[in-house]
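Below is one structure; the comments refer to it alone.
The values are calculated or read from the model by the stated rules, or taken from the named source; none is laboratory data. Worth saying up front: this structure is predicted, and the values here are computed from it rather than measured. Neighbour counts are summed over all protein chains in view; Cβ atoms, including those assigned to glycine, are modelled from backbone coordinates with ideal geometry.
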Amino acid sequence: MIIKIEKRSEYNRYSALDISILSVLLALAVASIIMWAFRVSPTRAYYEIFVKTLSNKYGISHVVARTIPLLLCSLGLVVCFKAGVWNIGAEGQLLMGAVAATGVALYLMPQSPSWILLPTMFTLGAVMGAFWALIPALLKAKARVNEIITTLMLNYVAEKIVEYLVYGPWKSPSGWGFPLTDTIPDQARLPLIPGTPVHIPTLGISLLSSALVFLVLRKTSMGFELKVYGFSEKVAEYATVSRTKVIVISMVLSGALAGIAGVGEIAGIHYRLRLPRSISGGYGYTGIIVAWLSRLNPLACIPFSLLLSVLSVGSDAIQITLKLPRGVINIFNGLILVMLLVLDFLAKYRIKVIKHE
Amino acid sequence: MNDLELLAHESIAAGTVLLYATLGEILAERSGVLNLGLEGIMMLGAITAFALSITTGSVVLSILVAFAVGCLAGLLHSAVCVSMRGNQVVSGLALAMLCAGISSVLGRNYVGVPPRTILSAVKVPILSEIPCLGYILFQQNILVYLAYIVAPLLWFILFKTKIGVAIRACGDDPLSAESMGINVHLYRYLCTVLGGGFAGISGAYLTLSYTPFWVENITAGRGWISLALVILSTWSPLRAVLACYFFGFCEISQYWLQTLKLNPYLLGTIPYLATIAAISVVSVEKIRKLVGAPRALGKPYPED
Amino acid sequence: MEESYAVLMKNITKKFSSTVANYRVDFDLRKGEIHALLGENGAGKTTLMRILYGEIQPDEGEIFVWGKKTVVKSPSHALRLGISMVHQHFRLVDSLTVAEHLALCSSEVRFLSKRKIENLVAEYFKEYYLKVDLDAHIWQLSAGEKQKVEILKALIRGARILVLDEPTSSLTPLEVKDLFRVLHKLRNRGYAIVFISHKLGEVLEISDRITILRKGKKVATIPASEADPVTLAKLMVGDLPSPAKNTHTSPPGGEVLQVKSLYVKNDRGGIAVRGVSFSVRKGEIFGVIGVAGNGQRELAEAIAGLRKPVKGEIFFRGILVNGSGPRELARRGLAYIPEESFKTAVLPELTVAENSILRYYWRFTEKGFIKKTLVEKWAKSLIKEFDILAEGLHVKAKSLSGGNLQKLVIARELSSKPELLVAVNPTAGLDISASQRTREKLLEIKAQGSGVLLFTEDIDEALQICDRIAVIFKGSFKGLFSREEADVNKISLLMAGVDL
């Protein structure tokens, strides 16, 4: 008996995005087995996550609010992954954006009017995020240093910097010793959809970015270069594509988008810098899953950001009601990616068992 | 015992956390499989060992089960990227998240629980009496000693036995390996599974000895640092020993520097910055040409 | 069933998605004979042998090994039956030593003890002229030595039936002689050998019987003693197209490329090109001939701006271009067809249209946007002019056959109106008519005034279309001939490193 793995013909019944959706469903099914093993009722958990979250304005508005940073991070990652550059550092880039925004609003120009202050916060946030991505980009471009490791390490460094600031020089004197900064002035705060935490300008920026990134990847020579480099470094060199340019531009763009997400979290949600884990609910990591699920299609990032945002808000809810730790979201995230790989394999190959006499 | 001896002693203790994971990853990568899941597997090993040591009181059982759980995680990774030819980077990240998630759920009732048994130092007869070195090297716990044996053993297997040649062949050129009758998938499975098991031991060492309590994210990036240490040690188990102890020193030095009134949060960045610096140094072209990564690292076999 | 048959293959049919690689092919192999499988590229020789070796399963047909009906499930199964195949691209691990390879192949060795391995190979070293340095790493060996390691691998694993796929393709003439000596010895000791080749001369010299395949079908099996080159050629290709002739005598145009004592390193940091100087004129085909791996790739890459020279100067259209990148050179009119272009100069995941602009996409942009209509027009014209078989402009390039991909590269580079074309083995792997067309196209752009720097391993090709021919050996030029004074014997000796 031989087990042969054969490639299926190019035309599949399921499109890549169908498989993405299936893999989310399959991941939820497998997660329910894990929950059951931990004596947590899956029906109750999923009821809390989906029905309860989506049945009231509070839940829905939080889902939308979390979609914003998630979408921004994932769009940047789409650009990087398209180029085959493994930026795992959106989390740190987001935090650095948040640091920049807080610094501008509290210390650099707290007295300025909104129309100067907010654009400066966004610009410097984007610059700071981009800078945080530029370091690994240059190391990779100039010395071929593995970017997975450097971006990950810089996430930890960014966390430490934030901790240093909120425990140290930026700690609010009126915060009863909690690791928090002062709140930013009113004119540094973004307008919200009334009664929700949804900050309008950032929502606009994120949706607009989807369209822009889509356009850049599909229609421009820059997009062509990213794609060519992403498929093969060798062929890209032959095709006169500049390696440095591809790496630096994709990383910087990605870092800037994550940095903007960080600004949004400060100016739209928290109004102050606090511990890293409170600022970002792992958006930089979850963005990886969004990017991968949407098959590096910037428009598909919108629905998948929403979907994972539901999971994220829902997981927070079950933390309280079912007394689960915050890490539980990681089970969903990890399983979704695993299932995606498994289903991709099954869609692409046929497993044949050949029996012989 | 003076301060420097203490520093060296503690550096080795801290380096051992990294060493098992690094050795395991060297094994996996030599066979051609990149496992980015180390961070998660270490957490999983850490919580299983901690939970078991509290419920059963047996340190040995705790270590063995942590090893087994790590193997299981390695098995999942190899199923996805060896049999199913999945992208190794994506699969590894998925594994890191999944294991982190599971370990936080597993550990939900153990946060803040004091340890019941910990791995205590065992003095090696005679050797521990050597001045200076005796204290540094031979007044440690059993897992530190085991590492003294495992690292050279792994080196011997990789470079002096046929099995090792076969493993390296799988990592460099699986197609040619197959032509010499080597079952590439089998070797990649074995190395990845064992590599996962080693990361599990790293985790067990963490909660049984180095920081004997449980919090979420207890590993604090040590899994990722181990990945960098594999590069720094240029895929050699013997150089891995030096690299890991050096990084143990980097970690310990921050506590030592804290006594000089330096800010602890900024000092906390030392291991991460040192990691970036270290892999930047080995990535310098001349060094990279001498000892490169296994050629087929990260590539599925057969390629389509 | 006669005992003397080592292998009998009956009615073998194998289809790949659209092409029929083998159609009802019969093949037999006797003990103690060298049986040549002769045919053009793409005639189905390798497919037939991969079926015997268990790498692919036939759609129809039966296989008998040592008189017993067998289904060869996998290469390891084939080895248990005593069948071993030496592939055209050697299956050796560069980073391992010869001894390590042989240890892997032997069931008796566990640890890497030198004495054991020496004992293991002593017989083969002595009896079969297969001596190789056991401590050498594979990457240090010449092609001929690698070939020997491959044969040793097979013998140690107990093979009695040896299949050699185009074994001479990367060997120098002297190494070929060496190989033939080994094969004769093996045959006399009762080994059965299949010799896959498309070179008539070699086949006539080495084999006992010859089976000719054409377009997947068996044409004939004849004893070598009754065969002659003319009939074999006819059986192999049917009616030959008349070869292109280099009739256009170039007036000595200006020099488009000058290379002055150039030194280039290879990927491992060794010197691959040592002190080469030459120039290519407008309206001239300058041929560089040599066995693969003598620095051709490095020289071509240095000229195309893909590899920084260590020393020396390159002038392109009169300007020093040592430090220029590939884009700068392409912009100034340098077209480049690299080695194995169907792999190295196209991206299978991109569409045909995208591949058609791969090296020149920047010519199709306006304000950063790629002009789709321009691209489509361009791609259509390439497909038409070069007879590329594609199901459309927007299908992925991987749906094209290797030959068509190669044609796409040739089309793209030749149509870019180059001042200088650098081409490395552009016709290798193409069938005879596509090769002829490519040569005609090269002559065409030469007539239009382009300079052509053609790297080739094929002496006939060089003599057919080049105006001047240089021989490259171990990174240096060993002689420079005009077409009139070029001489096959002299050139092949120089290629083998014999100084005249």
Identity of the residue in region C:439-462, under 15 Å from the mean Cα position of the chain (by Cα) and either of a type in the set (Val, Ile, Thr) or not assigned by TED's automatic domain parsing to the domain that holds C:ASN294 (or both), that ends up surrounded by the most Cβ atoms within 10 Å (Cβ to Cβ): C:THR456
Selection from region C:409-453 of residues that are more than 17 Å from C:PHE386 (Cα to Cα) and touching a helix residue (DSSP H, G or I) at 6+ places or on another chain (Cβ under 6 Å): C:VAL422, C:VAL424, C:VAL452
The lone exception for A:VAL353 - which of (1) more than 7 Å from every other protein chain (Cβ to nearest Cβ); (2) aliphatic (A, V, I, L, M); (3) in a helix (DSSP H, G or I) it fails: (3)
Residue satisfying condition, being over 24 Å from B:LEU137 (Cα atoms) and among the basic types (Lys, Arg), within set B:ARG239, B:ARG295: B:ARG295
C:SER74 being farther than 14 Å from B:SER176 by Cα, within 14 Å of chain B (Cβ to nearest Cβ), within 28 Å of the chain's Cα centre (by Cα) and not hydrophobic (A, V, I, L, M, F, W, C): yes
Region A:111-130: number of residues that are surrounded by fewer than 18 Cβ atoms within 10 Å (Cβ to Cβ) and not polar (S, T, N, Q): 4
Qualifying residues in region B:172-189 (those that are within 26 Å of the chain's Cα centre (by Cα) and at the interface with chain C (Cβ under 7 Å from one of its Cβ atoms)) - the one surrounded by the most Cβ atoms within 10 Å (Cβ to Cβ): B:ASP173
Entirely in region B:65-173, the helices (runs of 4 or more DSSP H) that have 2 or more residues that are touching a Cys at 6+ places or on another chain (Cβ under 9 Å) and of a type in the set (S, T, N, Q): B:88-106
The lone exception for C:SER113 - which of (1) farther than 26 Å from C:ILE193 by Cβ; (2) within 8 Å of chain B (Cβ to nearest Cβ) it fails: (2)
Matching residues, region B:95-126, being of a type in the set (A, V, I, L, M, F, W, C) and touching a residue at least 40 places away in the same chain (Cβ under 8 Å): B:LEU95, B:ALA96, B:MET97, B:LEU98, B:CYS99, B:ALA100, B:ILE102, B:LEU106, B:VAL111, B:VAL113, B:ILE118, B:LEU119
Within region A:321-350, tally of residues that are within 13 Å of another protein chain (Cβ to nearest Cβ), in a helix (DSSP H, G or I) and farther than 23 Å from A:VAL78 by Cα: 2
Residue satisfying condition, being in contact with a helix residue (DSSP H, G or I) (Cβ under 8 Å, 6 or more places away or on another chain), buried (at least 18 other Cβ atoms within 10 Å of the Cβ) and in contact (Cβ under 8 Å) with a residue 40 or more places away in the chain, within set B:GLY298, B:GLY248: B:GLY248
Helices (runs of 4 or more DSSP H) contained in region C:1-115 and holding at least 2 residues surrounded by fewer than 16 Cβ atoms within 10 Å (Cβ to Cβ): C:75-80
Residues located in region B:262-303, provided they are within 30 Å of B:ILE167 (Cβ to Cβ), polar (S, T, N, Q) and either at pLDDT 90 or above or touching a His at 6+ places or on another chain (Cβ under 8 Å) (or both): B:THR275, B:SER280
Filtered residues of region C:325-369 (kept if at the interface with chain A (Cβ under 9 Å from one of its Cβ atoms), in a strand (DSSP E or B) and either surrounded by fewer than 20 Cβ atoms within 10 Å (Cβ to Cβ) or not aromatic (Phe, Trp, Tyr) (or both)): C:THR365, C:PHE369
A:THR196 away from every other protein chain (no Cβ under 14 Å), under 28 Å from A:VAL313 (Cβ atoms) and surrounded by 17 or more Cβ atoms within 10 Å (Cβ to Cβ): no
Top-ranked residue of region B:31-57 - restricted to ones that are of a type in the set (Ser, Thr, Tyr) and without any contact (Cβ under 8 Å) to a residue 40 or more places away in the chain, ranked as surrounded by the fewest Cβ atoms within 10 Å (Cβ to Cβ): B:THR55
